[in-house]
Amino acid sequence: MLILTCASLSGGQGKTTVAILLGRMLAQTGQRVLMIDADPQANLTFYLGHEVQQNQPTLLEVLKKQINTEDGIYEIGENLWLIPADDGLDNAQEFLSGSGMGAIVLSKRLKEVSDLFQYCIVDAPPQRSQICLTSLGAADHIIIPVEASSKGVNSLIRTLSLVEELQEIDAFSGIVLGILPFRDKWVGNNQVAQSKASISAMRTIAEEIVVLPSILESEQFKKAIDKGVSLSSLGFEQLETPFQQIIERLQKNV
Ligand code: ATP
Ligand code: MG
């Protein structure tokens, strides 16, 4: 099972959007995909239409090892499974920091189910929290979605510096698969100045890391997520280019 974490240290950078659409596309190609909601905001759980019932285990119980990992997994659709979250996930912070090895906890828990899935996609929280560290620590590959704006550039700098810190203490030994510009705005054939300037800044900061084709500013992404369908089935196949590139890069690295 290849673990891919969507991480970016600022709110609204496209982490959840990328996790869902990529997960669905991989599932459609016949791959068994496990999605993990590692954000106490629980947007991924909500968008995937899963309601956590009282007394039902979530990622919190998986991290704390109160249950077997398999018992925290719910089937969402064809080839698609989820370890959900609710706001109780905040309680994992104390457990992870107290464990003294917070960054490797998720990785260890996922080993139990590594034969059951081909891909695992982790939706990390926007804060530099223990849950974020364990999400990055579990990753074979990291995707960093960042808004095509100065806020996005700042998020990229902060995220890359956290990845470096984790590399230095051997808590992350995978690769950054790519930086994914989010909400790249065009008017007709012209890219808006702010998008152009911030993506160019991202290329400079990225050095040898790939800057993937952008996710364009469009309402279709939210529509696809709300309706539970793909962008291509809405007639917007060209908007899927970034995801197709990610899938190609994943297949090369597997
Ligand atoms: P958070 O840090 O709060 O978890 P996030 O990084 O997960 O945020 P998303 O929730 O994926 O970010 O996206 C932020 C917002 O952008 C959402 O309201 C989403 O519907 C919207 N959005 C998604 N794709 C696009 C797009 N291509 N163009 C414009 N808006 C988009
Ligand atoms: Mg999110």
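Quick note: the coordinates plus some simple rules give every number you see, no bench work behind them. As the structure is a prediction and not an experimental result, all values here were calculated from the model. Quick reminder, even Gly has a Cβ in these numbers, built from the backbone with ideal geometry, and neighbours come from all protein chains shown.
Side notes on the structure shown:
- Amide H to amide H distances under 5 Å link Leu80 with Val33, where only residues 5 or more positions off or on other chains count and H is placed in the peptide plane.
- Averaging the Cα positions of each part gives two centres, and for segment 173-243 and segment 24-71 these lie 25 Å apart.
- Protection-proxy order for peptides 112-122, 234-244, each taking the mean of Cβ atoms within 10 Å per residue, highest first: 112-122, 234-244
- Take every Cα pair under 8 Å whose residues are at least 6 apart in sequence, average their separation, divide by the length of segment 2-252, and the relative contact order is 24 percent.
- Were the residues from Lys111 through Met1 laid out at 0.36 nm apart, the gain over their Cα-Cα distance would be 38.7 nm.
- Order by protection proxy (mean Cβ within 10 Å, highest first), peptides 27-37, 84-94: 27-37, 84-94
- Between Ile131, Ile144, Ile104, the residue with the greatest mean-square fluctuation in the GNM of the chain (Cα pairs under 10 Å linked by springs) is Ile104.
- Sites Gln194 and Thr241 - FRET efficiency at Förster radius 35 Å, r taken between beta-carbons, to 0.05: 0.95
- Pairs of C-alpha atoms in segment 2-252 farther apart than 34 Å represent 12 percent of all such pairs.
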